[in-house]
Amino acid sequence: MDTGDLVRLTKAGDRQAFVELTRRYQKKVFVLTYSFFRNTEDALDLVQETFLRLYERLDSFEEGRNFEAWLLQVAKNLCIDQYRRFRSRGRSQAADARVEDLPIPDERAGQGERSTEVRQALARCLDQLADRQRTIFLMRHVSEMGNDEIARVLNISTGTVKSLHFKAIRNLRALMAPYGECS
Amino acid sequence: MCPQCRRDEEELRTVLKGAEGLQEDIRTAMDKVDWDGLAERIAAAAFAERPRTAVAPSRRGGFWASFARPKWRPVFAGVLAGVLVGAGAMYVLLKPGAFRGPTASLRPSGELVDMVKLSLARREAIDYLDKSQALLLDFVQATPEAAARSLRGGDSSLRAQNLLAKKRYINRELESVEMAKAREICNLVEALFLELAQVSERLTPEEAAGIQRFVEDRNLLLRIRLVRKELEESEV
């Protein structure tokens with residue numbers, strides 16, 4: 001059964017169709033939400049919130065539209081809202097720390113530790129990017145989405161996606177430069 | 001590879017390595033999630049909050065129901081805005097007293113016409129006096145010989161004739177009571193220019209000196225200046 005049929009059935013009140021719809025797309029949404037929060041619990045909350053929001057607004061979904069892009073748009077908006085709430089609440093205080101303040105990586109550390117340090121450094125640097133740059137970077141490199149798909153989800157042109165991606169990379173390189181020098 | 005390129009590559013590799021690390025994290029996290037259970041829980045929560053009932057498409061009123069779809073909202077908003085703006089415009093145009101008719105509001109009053117005429121007359125008189133003053137100054141400030149020569153040579157004579165023509169043109173405009181002073185001085189200057197035009201071809205230095213004395217004795221230049229100033233201040 002294709003996605004269009006599942007959407008129609010869900011609109012008509014078919015619970016099982018909604019379960020199937022959720023099963024089909026929940027992992028894709030999870031990748032996006034996890035890349036934002038890097039925390040399983042928060043990511044799963046956001047997945048649930050995304051599908052509940054989807055269910056509420058299903059009537060406004062018009063046949064023929066790209067369902068996946070629409071769903072990821074809902075997820076992305078929720079992620080950005082939640083992300084801002086977290087930041088304003090001070091929950092991610094560590095995210096405000098400058099890269100220079102991070103512990104210098106130990107050259108004698110093993111490969112696993114080194115990888116964790118790089119990951120943490122990237123996470124902190126991502127927090128310092130503008131919303132759209134961060135979202136595009138995560139969609140490209142973590143969710144492994146293509147430029148066209150990202151453009152559809154963010155409702156911007158592919159050229160803008162490429163431009164913002166370039167800026168995100170450039171800024172991340174600059175932010176992570178102090179860390180890279182130690183390697 | 002140059003040192004800068006190597007540094008760039010290293011930085012880029014660090015960024016991408018971090019992204020790969022995040023992917024590994026995600027894969028690890030995903031392995032621990034009970035996806036079937038999650039989908040069921042989400043569905044349970046959704047249907048518990050608002051059970052969705054099947055809506056049978058109604059044949060009656062189907063045409064009108066199609067206009068209730070969200071895609072028509074901008075159209076309705078546009079129509080509503082148009083109606084409101086139109087209603088506002090009609091109210092302004094048709095409210096009592098708002099539409100007096102073009103003749104009532106656009107016909108200039110006699111007083112306004114008089115003011116315009118007077119203003120034009122002042123402007124013409126000032127222009128005439130300016131040019132007259134310039135010609136008289138050239139004539140008075142020159143030696144009698146040079147003054148006679150300039151009239152015989154044609155330049156001053158031509159200027160005088162032009163001013164005589166202009167005076168004829170503005171005579172009617174000087175008739176009003178407000179222009180009495182201006183009319184008096186303009187007539188005096190006109191008489192002088194008439195004399196100059198008539199004698200210019202045979203004017204001797206002695207006659208030129210006599211005319212210069214006439215101008216000075218009558219304080220013609222000073223009177224021209226005073227009248228001109230009054231005209232400018234609209235006090236004539």
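Read-outs: derived from the displayed coordinates by stated rules, not from any lab. This structure is a prediction, so every number in the text was calculated from the model and none was measured. Using ideal geometry, Cβ is built from the backbone for each residue, glycine included, and neighbour counts are taken over all protein chains shown.
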Worksheet item: Of the peptides B:11-20, A:22-31, how do they stack up when ordered by the mean number of other Cβ atoms within 10 Å, highest first?
Response: A:22-31, B:11-20
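Within 10 Å of each Cβ in peptide A:141-150, how many partner chain Cβ atoms are there on average? Round it to a whole number, please. List each step's numbers first, then the result.
Details: counts 7, 8, 2, 2, 0, 0, 0, 0, 0, 0.
Partner-chain Cβ atoms within 10 Å, mean over residues of A:141-150: 2.
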Practice prompt. Could you list, in their original order, any pairs among B:K95/B:K117; A:K27/A:K167; A:K76/A:K167; A:K27/B:K17; B:K167/B:K229; A:K28/B:K71 whose Cα atoms are separated by more than 31 Å?
Written response: B:K95/B:K117
Worksheet entry | J(HN,Hα) series, segment B:35-44, from Karplus relation 6.51 cos²θ - 1.76 cosθ + 1.60, nearest Hz, glycine and proline x | 5, 5, x, 4, 4, 5, 4, 5, 4, 4
Worksheet item: Across the residues of A:118-131, average count of Cβ atoms on other protein chains within 10 Å?
Response: 3
Item to complete: Take peptide B:33-42, look around each residue's Cβ out to 10 angstrom, count Cβ atoms belonging to other protein chains, and average those counts.
Response: 6
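By counting other Cβ atoms within 10 Å of each Cβ, how are A:R124, B:R7, B:R168 ranked from fewest to most?
Taking fewest neighbouring Cβ atoms as first place, the list is B:R168, B:R7, A:R124.
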